[in-house]
Amino acid sequence: MRISAKPRPIFSRNIDPDRRARRIYNRSNMVVPLIGAGVAAAAGLAAYHSMAPRAQGFGATFVGSPTASKKIAFTYDDGPNDPHTLRLMEVLEKDSVRATFFLIGRYVRRRPDIVRDLLKAGHVIGNHTLTHPHLIVSSAVETRIQLEECQRAVEEATGETPRLFRPPFGGRRPHTLRIARSLGLQPVMWNVTSYDWRTPPAAKIVKTCTRQMRGGDVILMHDGDHEKFGADRWQTVVATHLLIEAWREKGYEFVTVPEMMGAVCSRESPVIG
């Protein structure tokens with residue numbers, strides 16, 4: 001018996017070349033969807049951790065206390081804003097509540113007097129970048145500049161240094177949180193979304209928040225607008241008072257974010273409470 005020294009061809013020479021190509025194509029078509037599905041799943045997971053308020057995949061952020069807590073923290077983004085930050089301060093003072101304000105640096109430079117008034121009233125202020133860009137598309141260098149310039153604006157206005165940071169739109173990447181921490185900033189997200197930036201009536205803001213509230217809540221609201229200074233936030237002011245009335249009757253206490261965090265972010269500076 002003679003054994004051929006020639007290797008056996010993968011495809012018979014008698015197979016039509018077009019048929020051979022179809023075989024290869026069909027096998028490829030079985031692999032490509034699997035690869036595509038894996039890529040899509042990874043992209044979806046990355047998008048979730050970039051934008052979801054409670055996601056922790058890109059680094060730890062504070063989103064609230066356990067649901068058994070009887071504490072609630074109001075937080076306001078995109079100020080300072082004239083006149084509605086001032087109107088909000090009046091309501092909070094009347095209701096004996098202290099809140100946390102995440103400020104845009106360029107607005108701080110425009111109205112540093114409002115920022116000073118916030119601190120005098122016992123509120124806490126945090127860093128919300130200089131111009132409110134979407135940080136998921138910002139480089140590490142751009143992100144650092146945004147945070148440092150906002151820090152500088154607050155320091156120039158008040159002599160104090162913020163210790164809290166909230167990314168605009170909630171958008172972050174791994175380097176976003178690393179840079180924040182390198183500047184001594186604790187990232188803060190939220191677990192109740194008011195959707196007040198859509199400017200609904202106060203009653204709807206209250207209903208939207210109440211549907212999500214379970215205790216230990218960090219409520220996202222807005223006293224300003226990142227697109228324009230002087231935005232109308234009156235409905236947010238009214239909704240704040242209504243929520244305080246309703247939940248105080250249920251035995252809840254209203255605190256600043258650092259008070260809710262406790263020793264995690266304990267400092268002597270009034271900027272963090």
**Message:** Among 202-211, 183-192, 107-116, 163-172, how do they line up by average Cβ neighbours within 10 Å per residue, starting with the highest?
**Reply:** 163-172, 183-192, 107-116, 202-211
**Asked** Which value in nm describes the separation of the simple spin-label points at Glu253 and Arg106, placed 7 Å from the Cα toward the beta carbon?
**Response** 4.0 nm
**Request:** Please give the peptides 70-82, 128-140 ranked by average Cβ packing (other Cβ atoms within 10 Å per residue), highest first, as a rough proxy for protection.
**Result:** 70-82, 128-140
**Fill in**
With a Förster distance of 22 angstrom and the Cβ-Cβ distance between His49 and Val141, calculated FRET efficiency to the nearest 0.05 equals 0.50
**Message:** Set the bar at 21 Å for Cα to Cα. Now go through Lys71/Lys228; Lys71/Lys94; Lys71/Lys207; Lys94/Lys120; Lys70/Lys250 and name every pair that lies beyond it.
**Reply:** Lys71/Lys228
**Fill in**
Residues whose built amide H sits under 5 Å from the amide H of Val192, excluding neighbours closer than 5 in sequence, are Val218, Leu220
**Message:** Output wanted: per-residue J couplings in Hz (rounded whole) for the stretch 98-104, from phi through Karplus 6.51 cos²θ - 1.76 cosθ + 1.60, θ = phi - 60°, x for Gly and Pro.
**Reply:** 10, 10, 10, 10, 9, 9, 8
**Message:** Could you derive backbone 3J(HN,Hα) for the stretch 224-231 from the dihedral phi with the Karplus parameters 6.51, -1.76 and 1.60 (θ = phi - 60°), listing whole Hz in sequence and x where the residue is Gly or Pro?
**Reply:** x, 9, 5, 8, 7, 7, x, 4
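Here, each number is a calculation from the coordinates, and none is a lab measurement. What you see is a predicted model; the values in this text were computed from it and never measured. Because the Cβ atoms are built from the backbone with ideal geometry, glycine has one as well, and the counts that use them run over all protein chains shown.
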